[in-house]
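Trainee: For reference, the structure I am asking about is given below.
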Amino acid sequence: MTGRAGSRLLAGQHDPVDDPGRAAGHRRFSVPRLVAIALVVVAVALISDQAMGATGLLGDNTLVAQAGRSFGARFLNTVVDGLVVGLIIALTSVGLSLIFGVTGLVNFAHGELVTFGAVVAWFLNAGTWGFQVALPVATVLAVVAGSVFGAGLEKGIFGPLRRRKVPNISLIVTTIGLSLVVRHVILIWFGSGTQKYRDYATQVAKDYGPISITDVKLAIIIVSLLVLALVGLLLMKTKLGKAMRAVRDNRDLAEASGIDVRKVILATWMGGAALAALGGVFQGIGFAGVSWDLGFKLLLLMFAGVILGGLGTAFGAMVGGILIGVVTQVSSLWLSTEFKLVIAFAALIIVLLVRPQGILGKKERVG
Amino acid sequence: MDFDIVRSFVDAMRSAFGTSAVLFALAGVGLNVMFGYTGLLNFGHVGSLLVGGYGTAITVNLGGPLWLGILIGITAAVLLGLLYGLPTVRLREDYLAIVTIAAAEILRLLTRSSALEPLTQGVFGIQKFADNFYDLNPFPRGSYGVWRITWDANTLWAIVVGWLLVALCVWLVWMLTRAPWGRVLKAIREDEDAARSLGKNVFGYKLQSLAIGGAIGALAGVFFAVQSQSVNPDSFQPIFTFLAYAVVILGGPGRALGPVVGSILFWFLLSFTEAVLRQAVSAGFIPDWLLTAQEVAAVRWILVGLGLMLLITFRPQGLLGSREETLIDAR
Amino acid sequence: MPADVFADVQPVPGVAKPDPVLVVDGVNRHFGGLVAVDIDHLEVQRGTITGLIGPNGAGKTTLFNLLTGFDTPNGGTWSFSGNDLVGLPAYRVARLGMVRTFQLTKALMKLTVMDNMKLGATGQSGEKVFGALLPWRWREKEKEIEARAEVLLERFTLAHMRDELAGTLSGGQRKLLELARALMVEPTLIMLDEPMAGVNPALTESLLVHIKALRDEGMSVVFIEHDMDVIMDISDWILVMAEGKLIAEGGPADVAANPAVIDAYLGEHHGEAATPENEVVESEGEDGDG
C-alpha cells in the first residue's frame, strides 16, 4: 500500500491528503482568474486616476523623463520595468516558497540570502579580495557561494533544530534572530553605504519600438526567464524535483517510499539560496545598487508574491512575484511612488482575505 | 579616553530603569498576552504603538485634549488588533506573522507619505504636543536618583508614571490570566483543536487576545510619544517588534512579570555591552581593523539576534519559566 | 438491554434506527479528485455503543472531522438530537453535547491534569474576558467544577496526578485524561477516535469498562477501533466503512459473517506485510488525522 502511494506521488499525482499544515500546491492554472485579477487592478487604477486627477502626485524620475511620451508608451515601459522587478522577486521567492513547502519553515532571514549574493558579487567585481572578476563570472560565483551558505544554514541550524522538534513558532523566531545577525554582520563587512557594481555602472537605454530599455535590464529579463523556466523543468521532470514535491505533499509518505528526505531538504535550501543570491545580484545591477539591507527591503515583497501565488508552490511564487512587480510598478503611473509598497502589502492582505491559498494554491482546511 | 567600567555600569543602570525599559516593558506586556499566553505570532506589534502614539499626537495637534488623544490611540489599536486577526487567525500561525508585519509597514509608510502630511506631518513627524503632561510634574527642577544613577525632574516624572502604567498593565494581565479566561488562552497556545473540541470559541479568544495585546501596545506608544514629546514614522520600524520579542522571550513568555524582568535585563545588557565596547574601541583595546566606533551599534544587534536564537532554542521558557515545562518539551 | 433495541433493525447499510441520536444524509468530502467520504445515509442509535471500523484510508477519521465541525464537507446534511449541524463550527457542536477525542491524544501537556479537566467544563463566567476580572463571581463555579473533576479523576484513577503537568503522564494515562476531560463537557454523544491505540492491555481493559459504564449511564458512544476483539466485545452495533462509503452495518455477529466486510479487509492487506510503520504512515496520511 505504502509503496503504491509513494509511486503515485512520484508520478506527479496528488494523494488525497488534506494536510492543514501545508498549503500544498495544486497545479491547476486558472487563466480566467488571473485575467479577472488583472482587470480589477486596471479598473482600480483607472478609477484612482480620475479621483487623483492632475493633483501632481506623480513624483517618479522615470515618469518625469517619460513625461513627453504618449500614455500608451509610458504604460508599456512601466510594465516592462515592472517585469524586471517582478522577475527579481520571482527568483528570490521561489526558494522562500519551496523551503516552506518542504520543511514548513517561514524563513524571515530569506532576505539576507538575497543580500549575501549581491554583496559577494560586489566584492568579487570590485576586486577587494585582490583579484577582479567580470560581473557575469562574479554572479556565477556568488550563486555558488549562496548555495553553500544555504547548505550551511540547513546543516548548521535548521536541520538540527528540526531534529530537536523545536516548535514552528520558535523556529520562526529563530529566523528573526538569524536575520538580525546576518544583516548586521554584512553591515560591518560591507559598510552602510550603497555601492554600484564596477561593471555596467552607467547604462544607456535603447529603443525597441515604443519600449526603451537598457541592455542590462534586458539581459536580466532574459536570464531570469530562462532560469525560472529551468527551475520549472527541474521540478517537473527530474527525480529530485519530483522528490521535492513528494516531500512537500506528504513528508511521512515520501520518507516511507524511500525518498531521502534530508537530502531533499538540503537540496531545496541550496537551490533556494542560490536563486536568492542571483536575484540579489540582479537587484543590485538593475536598481538601487548594493546595500547591506537590500534583501531585507525585498522581504515583504517576496512574501506578498509568495502568498499571492500560494505559499509552498514554486510556480505560485513565480507568478505571484511577477504580478506583484508589475502591479506595484504600474500603480506608480497613477499613484505616488510612496504607495508602491503599500499597494503590494495591501494586495497581500486582500489575497489572504479572499483566497488564502493564493492563486495557484490548493484550498486549505480552515477553522 | 580612559577605560571606565563604573561609568559603563552607571549608563547601563540608567538604561535598565529609564524610559526605554519602561517602553519595552509595556510593549512586552502587550506582546506577552498574544505571543506568550495565546501563541499568536504578531510581528506587527509596532503598528499598535504607532497607532497609539500618532492617535495621541494628531488629536492634540488638531486641538483636542491629551486624554482624548490617548483614548483615540488605544481604541484605534484595539481595532487594528481585530483587523490583524480577522483574515488570519483561522489560518496557520505563519500567515498572521506575515500579515501583521506587512500591515505595520503599511501604517508606517502611510504616516510617512506626503499624501497624509497635513495630518501626520510626513517624515518630520509631530513634536511638542504633551506639554500638559509635563505641566502636571510634581517634582521640582533638579536631579534625582541613587548614587550616580540620576535623572532630571521631567524624565523622572515620565519614568514614575511609566512604571506605574507597567504595574497597572501587569496587574490586569495577571488578573485575566489566572482566571479561567487565561486557562483557555493557554490551552489554545498548546493545541487549539483540543480547545475547540471542548467547546471553546478559539477564534473569539484569539481576537480578544489581539485586541487586549494591541491596547497595551498602544499604551506603550502613547508613553513613547508623550515622554519624548515627538512621534516620527521611522521610530516605528519592524525591528522594534523583534526587540520586543527578545524582551518577552528573555523574561519568560506566558509569565505576567516576564516582560518587566526581560526589559530591565535586556536594556542593562544592551547598554552595558555597548558602553564597554565603545570604550574599548576608543581606548584602543579593540583594533580598528576589527571594529570601529560606528560599528558598535551593529554588534549590539548581532548580539540581540544571537541571544534570540539561543534563548528560544535552549531556554524557551525564559528566566521566569519553570524548568519542568522545558523538560516536557524535550520529551 | 441495548440488544433489544436492535431486535427489529435489519443489518443493511443505511438502515433506520428506532431512536437515532445522529442522522447523516449525503455527507461527502473530496480531496482533489479522490473521494474520502461519501455517506448516503447513516443513523446512530441513542444510548448504545456503536463501533466504526474499516481498513486504513476508509475515511473514518475524516467522517469524524466532518461530523464534529473540524472539517467541512463538499455537501450533505447531518443532525444531532434534532439539531441541524451543517456549517456549525466545532466549538458549537461540542457545546450541543457531541464531543470528540483525537487519535493522537491532545492532552495539554503544560497544563496540570486538573486544569485540563477544568477546561472541559462549560458555563464558567470566568472564561469571558470581563467575567475574568470579577473573581468573586467565578470562584464559586470554579469550586463546583473542581468537585466534579475530582469525581471523574477518581473514577479514571488519575486523582493522585491532579497537580502534575499532563506532560508527565504516560501515554495510556493521557488517553484516560482525554476521555475524562471530554466527560467534563457533559456530552450526550461521545465520539472516540481509537481510544485504545497505544494503550497497554491492562489499561485497555479498564477503558472498556469505562466505556460500557458510560453507555449504562445513558450516554451514546461512537468509537473508531482497529482491534477486532475489542470491537466484538463491546459494540452493540457496528458500522463498516471502506473507501469512504458505508458498506455494511449490523450487530457483531452479522458483521463478522458479512462477506463484504471480509472482502474489504482482505483486499486491504492482500500480498503485503502490514508493519507497524506502515500503519502509522497510512492512518495519518489517508485519514487526515484530527
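Trainee: When a/c reaches 1.5 or more, the comparison of a/b and b/c decides; with that in mind, is segment A:110-261 rounded, prolate or oblate per its Cα gyration tensor?
Mentor: Details: a/c = 2.48, a/b = 1.43, b/c = 1.74.
Note, shape of segment A:110-261 comes out oblate.
Trainee: Rounded to the nearest 5, what % of the DSSP beta bridges within the protein assembly as shown are antiparallel ones? Show your work: numbers first, answer last.
Mentor: Working: 35 of 51 bridges.
In the protein assembly as shown, DSSP labels about 70 percent of beta bridges as antiparallel.
Trainee: For a quick check: with amide H placed at 1.01 Å from N, whose amide H comes under 5 Å from C:His30's, ignoring anything fewer than 5 positions away on the same chain?
Mentor: C:Ala36, C:Asn74
Trainee: Okay, moving on. Taking the Cα-to-Cβ direction at A:Thr202 and at B:Leu82 and moving 7 Å from each Cα, how far apart do the two end points lie in nm?
Mentor: Label-label distance for A:Thr202 and B:Leu82, simple model: 5.9 nm.
Trainee: Once the Cβ-Cβ distance between C:Val35 and B:Leu310 is put in as r, and R0 is 51 Å, what FRET efficiency do you end up with, to the nearest 0.05? Intermediate results must be reported in sequence, preceding the final value.
Mentor: Numbers: r = 49 Å, r/R0 = 0.96.
Taking R0 as 51 Å, the efficiency between C:Val35 and B:Leu310 is 0.55.
Trainee: Is any helix in chain C, taking whole DSSP H runs, at least 18 angstrom long along its axis by alpha carbon and on average at least -0.5 on the Kyte-Doolittle scale, and which ones?
Mentor: On the way: long enough: C:135-155 (30 Å, -1.44); C:171-184 (20 Å, 0.00); C:201-216 (23 Å, 0.36).
Flagged H segments are C:171-184, C:201-216.
Trainee: Over 29 Å between Cα atoms: which of A:Lys155/C:Lys175; A:Lys165/C:Lys175; A:Lys165/A:Lys237; A:Lys155/A:Lys242; A:Lys263/C:Lys175 fall into that group? Could the numbers behind the result be given before it?
Mentor: Values: A:Lys155/C:Lys175 37 Å; A:Lys165/C:Lys175 22 Å; A:Lys165/A:Lys237 32 Å; A:Lys155/A:Lys242 22 Å; A:Lys263/C:Lys175 36 Å.
Cα-Cα > 29 Å for A:Lys155/C:Lys175; A:Lys165/A:Lys237; A:Lys263/C:Lys175; rest within.
Trainee: Whole angstrom only: what separates the Cα centroid of segment C:1-48 from the Cα centroid of segment A:296-319?
Mentor: About 45 Å separates the Cα centre of segment C:1-48 from the one of segment A:296-319.
Trainee: Do you know the relative contact order of segment A:213-367, to the nearest whole percent, from alpha carbon pairs under 8 angstrom that are 6+ apart?
Mentor: The normalised contact order for segment A:213-367 reaches 17 percent.
Trainee: May I ask for the distance between the Cα centers of segment B:56-100 and segment A:190-251, given as a whole number of Å?
Mentor: 39
Trainee: Using the Karplus curve 6.51 cos²θ - 1.76 cosθ + 1.60 with θ = phi - 60°, work out ³J(HN,Hα) for each residue of segment A:132-145 in order, rounded to whole Hz, and write x for Gly and Pro.
Mentor: With the stated coefficients, segment A:132-145 comes to 10, 10, 4, 4, x, 5, 4, 4, 4, 5, 5, 5, 4, 4 Hz.
Trainee: Take the alpha carbon atoms of segment A:123-145, find their center, do the same for segment C:116-157, and report the distance between the two centers in whole angstrom.
Mentor: First find each Cα centre; the distance between them is then 67 Å.
Trainee: Just add up the charged neighbours of A:Thr202: K/R +1, D/E -1, any other residue whose Cβ is under 15 Å from the Cβ of A:Thr202.
Mentor: Details: positive: A:Lys196, A:Arg198, A:Lys206, A:Lys217; negative: A:Asp199, A:Asp215.
Charge balance in the 15 Å sphere: +2.
Trainee: What FRET efficiency do you get for C:Asp25 and C:Ser170 if R0 is 35 Å and r is their Cβ-Cβ distance, rounded to the nearest 0.05?
Mentor: Values: r = 41 Å, r/R0 = 1.17.
Calculated transfer efficiency: 0.30.
Trainee: Mind giving me the nanometre distance, one decimal, between the label points for C:Ala202 and A:Leu240, set 7 Å out from Cα along Cα→Cβ?
Mentor: Using points 7 Å along Cα→Cβ, the separation is 5.4 nm.
Trainee: Please report the antiparallel percentage of DSSP beta bridges with both residues in segment C:139-276, rounded to the nearest 5.
Mentor: Details: 5 of 10 bridges.
That works out to approximately 50 percent antiparallel.
Trainee: Shifting gears a bit: In nm, give the distance between the simple-model label positions of C:Ile262 and B:Gln127, each being 7 Å from the Cα along the Cα-to-Cβ direction.
Mentor: Taking the simple label geometry, C:Ile262 and B:Gln127 are separated by 9.2 nm.
Trainee: With a Förster radius of 51 Å, plug the Cβ-Cβ distance of C:Glu186 and A:Arg163 into 1/(1 + (r/R0)^6) and report the FRET value to the nearest 0.05. Numbers along the way, then the final one.
Mentor: Details: r = 42 Å, r/R0 = 0.83.
Efficiency for this residue pair is about 0.75.
Trainee: While we're on this one: For Cα pairs less than 8 Å apart in space and 6+ apart in sequence, what is the mean separation divided by the residue count of segment B:5-330, i.e. the relative contact order in percent? The partial results should precede the final answer.
Mentor: Values: 537 pairs, mean separation 107.4, N = 326.
In percent, rounded to a whole number, it is 33.
Trainee: For peptide C:25-34, compute the average count of partner chain beta-carbon atoms within 10 Å of each residue's beta-carbon. Write out the running numbers ahead of the final one.
Mentor: On the way: counts 0, 0, 0, 0, 2, 2, 8, 10, 3, 5.
Per-residue shielding by partner chains comes out at 3.
Trainee: Relative contact order for chain C using alpha-carbon pairs under 8 Å, separation at least 6, rounded to a whole percent?
Mentor: About 28 percent, as a whole number.
Trainee: Dipole of segment C:158-259 (Lys/Arg Cβ +1, Asp/Glu Cβ -1, origin at the Cα centre): which of C:Ile211, C:Val255, C:Gly171 lies farthest to the positive side?
Mentor: Highest projection toward the positive end goes to C:Gly171.
Trainee: Multiplying the sequence separation of B:Asp135 and B:Asp288 by 0.36 nm and subtracting their Cα-Cα distance, what value in nm do you get? Don't jump to the answer; show the numbers that get you there.
Mentor: Numbers: separation 153, 0.36 × 153 = 55.08 nm, distance 4.73 nm.
Working it through step by step, the gained length comes to 50.3 nm.
FYI, it's all coordinate maths here, none of it is from the lab. Values in this document were obtained by computation on a predicted structure and should not be read as measured data. No Cβ is skipped: glycine too gets one built from the backbone with ideal geometry, and neighbour counts run over all protein chains shown.
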